[in-house]
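Below: the structure, in structure tokens.
What follows is calculated from the coordinates using simple rules that are stated; it is not laboratory data. These numbers come from a predicted model, not from an experiment. Neighbour counts are summed over all protein chains in view; Cβ atoms, including those assigned to glycine, are modelled from backbone coordinates with ideal geometry.
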Amino acid sequence: MISEKEKYVAYCQDNPDIPIFYNHWWLDAVSENGDWKALIAADKNGKTQGVWPLYIEKKLGQSIIKMPAITPYLGPHIKEPSHLTKLNSIYSHNRKTLNKLIEQIPDFLYFNVLCHPSFKQLLPLKWKSYKQTNELSYVLEDIRDTKKVYEGFASSLRNKISKAEKNLTVEKAETLEPLVSLIDKTFSKQKLKSKISLSFLQKLTNAIKENGADYM
């Protein structure tokens, strides 16, 4: 019998547009203090219509559903059938699929998930008494042409970058130690302790390389 995680992996492989953070290998790498669970919504023929990966930690036997480290968003991912063209039909499909996913959320003590910016149909969650907080995300869709990206910045920001170039240099490091040191100093300045260890970053980096996602 195919497990829910196996169905999830197949769904990700069939949907190349899915964000990198949703991939099973990413979730395996960042689930350092807990584990992840795949919620699957299928049609009457058993075909997967949508998924929702949840990262879960345990505290006193209770489930803490939260965001894993270095993962900016997760949340539901729903595939809209190509034969649906009317907005009402698309909305109805998405709502039914999302409800199937919501019904599978396990009992929890704490729940805090950041959804992908493209996911906007949150009303079914509100109907189930989940609270919603809107946050802003500024996304640069294509950064291959760095000159074009730079020209799109406000003049005040370009001036700050020009001043910084006189005092800072960017070098390509062969190891992760400089990055870990920088992260530690950033947290230390705020009198906090970083939870990002060298072994954690190395595990994630290896997973990225092994799965051919180090193309940027």
Which listed residue (ALA10, GLN190, THR175) has the Cα farthest towards the positive end of the charge dipole for the chain, taking +1 on Lys and Arg C-beta and -1 on Asp and Glu C-beta about the Cα centre? GLN190
Helix-only estimate, please: 222 nm mean residue ellipticity of the chain, summing -39500 (n - 2.57) across DSSP H runs of length 4 or more and dividing by its residues, to the nearest 500. -11000 deg cm²/dmol
Quick check on packing: order 25-35, 78-88 by the mean number of other C-beta atoms within 10 Å, highest mean leading. 25-35, 78-88
Estimated distance in nm for a label pair at GLN13 and LEU109, the labels positioned 7 Å out from Cα along Cα-to-Cβ: 3.8
Chymotrypsin sites (Phe, Trp or Tyr not before Pro) within segment 150-216: DSSP coil, no more than 15 neighbouring Cβ in 10 Å: PHE153, TYR215
Treating only the Cβ atoms of Lys and Arg (+1) and Asp and Glu (-1) as charged, compute the dipole magnitude of segment 57-200 about its Cα centre; round to the nearest 20 debye. 460
For segment 109-152, listing trypsin sites (Lys or Arg not before Pro) in a DSSP loop whose Cβ sees at most 14 other Cβ atoms within 10 Å gives LYS120, LYS128, LYS131, ARG144
Under Karplus coefficients 6.51, -1.76 and 1.60, residue-wise ³J(HN,Hα) of segment 160-166 in Hz, glycine/proline x: 5, 5, 4, 5, 5, 4, 7
Applying the Karplus parametrisation 6.51 cos²θ - 1.76 cosθ + 1.60 with θ = phi - 60° to the phi angles of segment 183-200, what ³J(HN,Hα) value in whole Hz is obtained for each residue in order, glycine and proline being reported as x? 4, 4, 5, 4, 5, 4, 4, 9, 6, 10, 10, 5, 9, 9, 9, 4, 5, 5
FRET E, pair LEU168, SER137, Förster distance 41 Å, beta-carbon r, rounded to 0.05: 0.95
Using a 7 Å offset from Cα along Cα-Cβ at GLN62, what residues in segment 83-115 end up with backbone N under 14 Å from the label point? 107-112
